[in-house]
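Student: Here's a structure for you.
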Number of protein chains: 2
Amino acid sequence: MVTKQFTGSPDEADLRRADSLARELFSDIANKWALLIIEVLGGRTLRFSELRDQIDGISHKMLTQNLRMMERNGLVEREVHPTVPPKVEYTLTEPGRALKKTVDGMCDWTHQYLGHIEASRNHFDG
Amino acid sequence: MVTKQFTGSPDEADLRRADSLARELFSDIANKWALLIIEVLGGRTLRFSELRDQIDGISHKMLTQNLRMMERNGLVEREVHPTVPPKVEYTLTEPGRALKKTVDGMCDWTHQYLGHIEASRNHFDG
DNA sequence: CCGAATCCACAACGATACTG
DNA sequence: CAGTATCGTTGTGGATTCGG
């Protein structure tokens, strides 16, 4: 994505394409709501409204938007039950569950270093 | 993380405080630029301008903002050399390096599942 | 070279209302 | 209940400038 030079070689073109895809994907998932959805969903299957109830502060709109994005990227599977009233369930796919493991690491880190961070903040703010 | 109930117990108050801190922290670091900075910085020490050159597309403003935030949270250490011209170097702290390990996991994931994701996108878009 | 402040375009977001 | 669309507001982030 940084290379401005163009060699015409197909191999390099492929690399650039893969690189830009990786970056795009990274931008997609490196956001607060997407990561929270992955965490809350975990290995379970949850309805839209259940997700919304369990993710504090998320709006209807943000939830749908992120779920669409995650479905598009193959992180969640969307299952529509043609009942009245409608019922839509979401489940992490295999790639989604794999990603969850790394997000778990981030959460663990957060709790592990909570003390460090709080101290650092107090020092910085004062 | 979601509990709305209030019991008045000091222990629960502590938990709520820690919880809100964790959320705040999560919102801070769960963003594209912060994670990219952590990745690029790695174990090295880099100047402001070097960081800027190596992170494609980041603006001066975003870089400073995120570096401040990360310094405040104790993820990076900022070292000012009182020379002319000025020289400011940034290094990951120990908590920062610990976090990097989990971010590495995210990057690995990205590359590992690139094929899945591309296929899923093509299917979704078509 | 680095940082802070200003301005402002534009995207993100919440609220609302309507459909199946 | 879940999804889409629209609207109005907020706020993010880029460009620029000036100061240390």
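Student: To one decimal in nm, how far is residue A:44 from the same spot in the other copies, if labels go 7 Å from Cα toward Cβ? Please give the shortest first.
Tutor: Those separations, rounded to one decimal, come out as 4.4 nm.
Student: On to the next question. What is the percent of Cα-Cα separations in the protein assembly as shown that go past 34 Å?
Tutor: Details: 8042 of 31626 pairs.
Value for the protein assembly as shown (Cα pairs over 34 Å): 25 percent.
Student: Apply the Karplus curve 6.51 cos²θ - 1.76 cosθ + 1.60, θ = phi - 60°, to the phi angles in the stretch B:70-85 and return the couplings in whole Hz, x for Gly and Pro.
Tutor: My calculation for the stretch B:70-85 gives 6, 5, 4, 7, x, 8, 10, 10, 10, 10, 9, 9, x, 10, 10, x Hz in order.
Student: What is the distance in Å between the Cα centroid of the stretch A:104-126 and that of the stretch A:28-93?
Tutor: If you average the Cα positions of each part, the centres end up 28 Å apart.
Student: What does the charge add up to near residue A:24, with Lys and Arg as +1, Asp and Glu as -1, over the other residues with Cβ less than 15 Å from its Cβ?
Tutor: Values: positive: A:16, A:17, A:23, A:72, B:32, B:121; negative: A:19, A:28, B:56, B:118, B:125.
Net charge around residue A:24: +1.
Student: Taking a label point 7 Å from Cα toward Cβ, how far is residue B:14 from its twins in the other copies, in nm, shortest first?
Tutor: Reported distances to equivalent positions: 5.7 nm.
Student: Treating only the Cβ of Lys, Arg, Asp and Glu as charged (+1, +1, -1, -1), what charge dipole size does the stretch A:32-125 show about its Cα centre? Round to the nearest 20 debye.
Tutor: Working: 13 positive and 13 negative charges, 67 e Å.
For the stretch A:32-125, the charge dipole is close to 320 debye.
Student: Follow-up question, since we're still on this one. Which net charge results when you count Lys and Arg as +1 and Asp and Glu as -1 among the other residues whose beta-carbon is under 12 Å from that of residue A:61? Don't skip to the end; give the middle numbers.
Tutor: Details: positive: A:52, A:68; negative: none.
Neighbourhood net charge equals +2.
Student: Using a label point 7 angstrom from Cα along Cα-to-C-beta, what distances in nm, from shortest up, separate residue A:118 from the other copies?
Tutor: Going from nearest to farthest copy, the values are 4.7 nm.
Student: Now, a different point. From the C-alpha gyration tensor of the stretch A:1-108, pull out the three semi-axes of the equivalent ellipsoid (sqrt of 5λ each), sorted largest to smallest, in whole Å.
Tutor: Working: eigenvalues 211, 49, 31 Å².
Over the Cα atoms of the stretch A:1-108, the ellipsoid semi-axes are 32, 16, 12 Å.
Student: What does the charge add up to near residue B:70, with Lys and Arg as +1, Asp and Glu as -1, over the other residues with Cβ less than 11 Å from its Cβ? Mind dumping the intermediate values first?
Tutor: Details: positive: B:68, B:72, B:78; negative: B:28, B:71, B:77.
Net charge around residue B:70: 0.
Student: Oh, and also: For the residues B:120, B:27, A:20, what sequence is obtained by ranking on other C-beta atoms within 10 Å, fewest first?
Tutor: Values: B:120 18, B:27 14, A:20 11.
So the ranking, lowest neighbour count to highest, is A:20, B:27, B:120.
Student: If you don't mind, another one. Can you sort A:26, A:124 from fewest to most other Cβ atoms within 10 Å of each residue's own Cβ? Provide the component values of the computation, followed by the final result.
Tutor: Values: A:26 17, A:124 13.
Neighbour counts put them in this order, fewest first: A:124, A:26.
Student: Taking H as built 1.01 Å from N, whose amide H comes closer than 5 Å to the amide H of residue A:87, not counting residues under 5 places away?
Tutor: Amide H neighbours of residue A:87: A:81.
Student: In percent, what relative contact order does chain A have, based on Cα pairs under 8 Å that are 6 or more apart in sequence? Intermediate values should be presented prior to the final figure.
Tutor: Values: 94 pairs, mean separation 28.4, N = 126.
After rounding, I find 23 percent.
Where a number appears in this text, it was derived from the coordinates with a stated rule and is not lab data. Treat the numbers as computed from the prediction; the structure is a model and nothing was measured. Using ideal geometry, Cβ is built from the backbone for each residue, glycine included, and neighbour counts are taken over all protein chains shown.
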